[in-house]
1. Consider the stretch A:233-265. How many of its residues are away from every other protein chain (no Cβ under 11 Å) and buried (at least 24 other Cβ atoms within 10 Å of the Cβ)?
2. Show me the helices (runs of 4 or more DSSP H) entirely contained within the stretch B:1-87 in which 3 or more residues are of a type in the set (A, V, I, L, M).
3. Check B:Ala252, B:Ala275, B:Ala256, B:Ala311 and return the single one that is buried (at least 20 other Cβ atoms within 10 Å of the Cβ) and under 12 Å from the mean Cα position of the chain (by Cα).
4. How many residues does the stretch A:391-412 contain that are crowded, with 16+ Cβ neighbours inside 10 Å and at pLDDT 90 or above?
5. Looking only at the stretch A:444-462, how many residues end up being part of a loop (DSSP other than H, G, I, E, B) and either touching a helix residue (DSSP H, G or I) at 6+ places or on another chain (Cβ under 6 Å) or modelled with pLDDT of 95 or more (or both)?
6. Can you tell me which of (1) surrounded by fewer than 20 Cβ atoms within 10 Å (Cβ to Cβ); (2) at pLDDT 95 or above; (3) not basic (Lys, Arg) is the one A:Gly212 doesn't meet?
7. If A:Ile154 satisfies every condition in (1) under 25 Å from A:Trp236 (Cβ atoms); (2) β-branched (Val, Ile, Thr); (3) out of contact with any helix residue (DSSP H, G or I) (no Cβ under 6 Å at 6 or more places or on another chain) but one, which is the exception?
8. Restricting to the stretch B:197-237, give me the number of residues that are farther than 30 Å from B:Thr99 by Cβ and among the small types (Gly, Ala, Ser).
Amino acid sequence: MRITNVVSRTSLACAVALAAFAAAPAALAKGTLVYCSEGSPEGFQPQFFSTGTTFDAVSVPMFNRLVQFDTGTTDVVPALATSWTVSPDSKAYTFKLRKGVKFHSNAQFRPTRDMNADDVVFSWSRMADDANPFHRMTAGQTFAYFDDMGMKNIVDKVEKVDDYTVRYTLKRAEAPFLADMAMDFASILSKEYFDAMQKKGTPNAADVFPIGTGPFEFVSYQKDATIRYKAFDAYWGGRPKIDNLVFSITRDATTRYAKLKTGECHVMAFPKPADLAEMQKDPAIDVLRKEGLNIGYIAFNVEKKPFDQKLVRQALNMAVDKEAILKAVYQGQGQVAKNPIPPILWSYNDAIKDYPYDPAKAKAMLAQAGYPNGFETELWYLPVTRPYNPDGKRMAELVQADWEKIGVKAKLITYEWAEYRKRSKTGEQSAMMFGWSGDNGDPDNFFVPLLGCEAVKGGGNVARWCDKRFEDLVVKAAQTPDKAARAKLYGEAQVIFKEEAPWITIAHSVRFDPIRREVRGYKMDATAHHYFTHVDIVK
Amino acid sequence: MLRFALRRLALVVPTFIGVTLIAFALIHFIPGDPVENLSGERGMDPARRARLLHEFGLDRPLPVQYADYVGHVLRGDLGASLTTHQPVLDEFLALFPATLELAFFAMVFAVVLGLPAGMLAAQKRNTLADYAVMGASLAGYSMPIFWWALLLILTFSVQLGWTPVSGRIAVEYDVPVVTGFMLVDTLRAGDFAAFRSAVSHLVLPAIVLGTIPLAVIARMTRSSMLEVLREDYIRAARAKGLSVMAVTIVHALRNALIPVITVIGLQVGLLLSGAILTETIFSWPGIGNWLIHGVQSRDYPVVQGGILLVAALVIGVNLVVDLLYGIVNPRIRHG
């Protein structure tokens, strides 16, 4: 036998082995929907974590809240509570609970009763009450969202009125409270399950193997690979149409797209903006779009010269050609922003006129402010792609060129993402790019964390702008129960914001969810969650 | 022999200290911290930030944190992940079989193709076959892993539909995890369709991860063979009238293999580092994927523990090899 024969035999053997195994992937079982998610959940407990990835995998499929957002909108509708009343002083919310709501079961636990007021009180007290035996079980564990939303300062107590009635008493009138109750952290847990696990001596198990009331039951999790759920037959909202839901964890966006193309998944999370054009041409794929509940902006640090002058901030606003940015950075997929909240959010003040793009006038205003020859400054730009800003660097270059025209020389600076955020909270920045995606559809969720005086301390208000008139309006709005009256107050706050110009509001981006054509009934969510309760697959 | 073994073992101590120090320093020198990572665009109340830093033990001076870390490591405690709160060792052990399985098949691919290719190139020196093998191996060696993986996915998965895009097994197979090795677990479950699916999922990642070792082994085999083929005993064997096959396999290859095996051993470390990229692209749930995410989320215990465990494995393998050399070749013991 010659050596060439050995080589060709080896190659042949490899080819045969490859052909034997490398067949096209088997067709997915009917009734199974595969969602290519962008990452692994941090855990399977809806109260501990604060990332969208975890919410999608935990609170969305497996849990419910007292109220929920109607999918696709930010309207609050009944869920585990069928109705609610608010006391005249707006400080007490009384919820009537839905009867006949079943909890899931697993190998360790089989519920003996339906969801009731005990579960609601327990779910809250676990987060709020340091003395609750389940309050702190693991080092480093936090109730991230509960803490971040300052719920301890808002809610005084939660009481059981009767088996199907619960009352939340607030420390102050807080109109966004109802929207807060629709957020993931307010998911309702089974008290009976936690008690049973504690009795067994494994209290942590209740946080690891989730039991909820949601449309899907937990089946299994293979770390960093797949999460499996099955339809919950006794779901109070009606059994989902699909039998199985599988999250195929695929961190790379290009790989997710390849899997969507080959049919290895039906819905994919977070497409790369660069892939969208090609996706839209694919006959097997529908690219759904939704106006984003977000804002991308440049904030001026009003504590630093020359941005402490309103005239300077207004001039720099006027110097920026936002339409050009929208075209070059957002590829036209979005809209120019004039307010700090997007137009899909109620209380958006459409009467406000944006600063026109007028470099000549901007230059004159700078001269009036004492900078006839402009000045030098720094512009921090985002080091990463964010939903509200696909390309921070490109945006920075365009803004730099615009400002140059009126004599303002901006040095472009960036840091690694975590470092960027850390430094922004110290007030080191002069002008910086930032943004926000809303998470509960209440205008308060934009105004307070981004522009409120308290948020200067917490670091979320990167302009460090604390305006008493604005603050009074948003605080009053939060304490006003009537929606129309609130909208009016927020409308006035937006006028002050525009006049004072602590930001250049750049754009509201559009979100995309690519799905395969055989998927029916999928609706994009306003708060960027992924819901599969009413989805079906048609071959 | 005992003195030799003790000397080698003593060397492990400074290596271990070096590894823990480097892993600790590197992750702490990356800007940002795990608490910052929790807050996102939302600000964080300074009091809560301080509380979390305290709970994670990050408010203490670095040398204290390091000493504390080493103390725990010596007691076998690698800490818990700051994101999942699960013990680092448990997470590592759950994911490591996936990496090992991938690395093993990548190595099989590299050796099965690399050895014959190198032999062919040596035998056919300065012919078209030689140039083809050497050219291909140079290309393979210089190929950016990310690009190579995407190219294979687009060709074989998207265009031809021969292989799945990513993952370890098709989602319709929910095979109970017993050993963590998917091929073994599917066979244990007696599910041949699942086994077949697992193999088809291994093909592309194993090729991608095995490409560089394949190139190295082919080149090493060629040069080592060329050297051996010039030896007098080969000429003698030929003069005896032995077939080319007998001369190549029995006389030349066996002697040429010694440096090749050393090179194969060195590739193990390379496979583990290559796995980081390969696993990310192919959504392969192994330690590479896990470590990358640990770095991104500044999960200090995961990164420190992961690096330490991988390093311990490499150190362990090297130690065993060193001791084996000592047994096989007494001259090394006294060297």
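1. 2
2. B:2-29, B:46-55, B:62-74
3. B:Ala275
4. Qualifying residue count, the stretch A:391-412: 13.
5. 4
6. (1)
7. If we test A:Ile154 against (1) under 25 Å from A:Trp236 (Cβ atoms); (2) β-branched (Val, Ile, Thr); (3) out of contact with any helix residue (DSSP H, G or I) (no Cβ under 6 Å at 6 or more places or on another chain), just (1) comes out false.
8. So the answer is 3.
The values are calculated or read from the model by the stated rules, or taken from the named source; none is laboratory data. For clarity, every value in this text was computed on a predicted model and none was experimentally measured. In this analysis, Cβ positions are derived from the backbone assuming ideal geometry, glycine residues included, and neighbour counts consider all displayed protein chains.
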